[in-house]
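Working notes for the structure below.
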Amino acid sequence: MRLTDNDFQLFGLPETQAQDGAAIATRWKALQAEVHPDRFAAEGAAAQRVAMQWAMRVNEGYQRLKDPLKRAAYLCELRGAPVGAETNTAMPAAFLMQQMEWRESLDDASSESALEALDDDAARAEAAALAQAQRLLDDNNDAPAAAAQVRALMFIQRFRADIDQRLAALDA
């Protein structure tokens, strides 16, 4: 292991969007066991600091790899097409129309069942967008198109979080 390895190299995984979540978690546990600072207690403070850096590096990699959206964004970056969500908000017109319709439906939703139906619709769109991002990354090697798909996924996840807030407010 080298600190300069990317997350996939660090975890010994292929650089693909399609991943087995259980395998990622198993590898994370194994890496944590290797680098945990407690293993280096007898070697002094310097060795423990290095182990702490490694443990943090392993945890950061795990956080990126276990989440499909973060993993897709990371792959886009590795392939030279950073998502740039802060500066690039361009979206296809059809997607923007869908967002507007969803927002209007969210504003109009007054019951738990209406909010859950809206969330189901958004969840289906999220699953389809994730599958498309995977095809673009793994099959087509089209990181720029995948980056646009990741930006769309970020919108969908924020929308679903807004639905969750509305559901929580109904329960309060």
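Each value in this text was obtained by applying a stated rule to the coordinates, not by laboratory testing. Quick caveat: nothing in here was measured; it's all calculated off a predicted structure. Virtual Cβ from ideal backbone geometry, glycine too; neighbours counted across all protein chains shown.
Structure notes:
- Cα-based Kirkwood hydrodynamic radius, the range 93-171, one decimal, Å: 13.3
- Most fluctuating residue given options 18, 161, 45, as computed from a GNM of the chain linking Cα atoms under 10 Å: 45
- Couplings 3J(HN,Hα) for the range 92-99, derived from phi with the Karplus relation 6.51 cos²θ - 1.76 cosθ + 1.60 (θ = phi - 60°), are x, 4, 4, 5, 5, 5, 4, 4 Hz, where x marks Gly and Pro.
- Gained length - residue 70 relative to residue 101, 0.36 nm times residue gap less alpha-carbon distance: 8.5 nm
- Phi-derived couplings, Karplus 6.51 cos²θ - 1.76 cosθ + 1.60 at θ = phi - 60°, listed residue by residue for the range 127-134: 4, 5, 5, 5, 5, 5, 4, 5 Hz, with x used for Gly and Pro.
- The slack in the chain from residue 86 to residue 140, taken as 0.36 nm per residue of separation less the alpha-carbon distance, amounts to 16.9 nm.
- Per-residue ellipticity at 222 nm computed for the chain from its helices equals -23500 deg cm²/dmol, with DSSP H segments shorter than 4 residues left out and the rest contributing -39,500 (n - 2.57).
- Cα gyration tensor shape of the range 1-151, rounded if a/c is under 1.5, else prolate or oblate by comparing a/b with b/c: prolate
- Selected from 13, 40, 100, residue furthest toward positive end of dipole (the chain; charges at beta carbon): 40
- Ranked for footprinting exposure by Cβ neighbours inside 10 Å, fewest first, 2, 79, 27, 71 give 2, 79, 27, 71.
- Simple point charges give the picture: +1 on the Cβ of Lys and Arg, -1 on the Cβ of Asp and Glu, and for the chain a dipole about the Cα centre of about 860 debye.
- Computed Kirkwood radius, in angstrom, where 1/r is averaged over Cα pairs of the range 69-136: 13.9
- Arranged from fewest to most other beta-carbon atoms within 10 Å of their beta carbon, 35, 83 become 35, 83.
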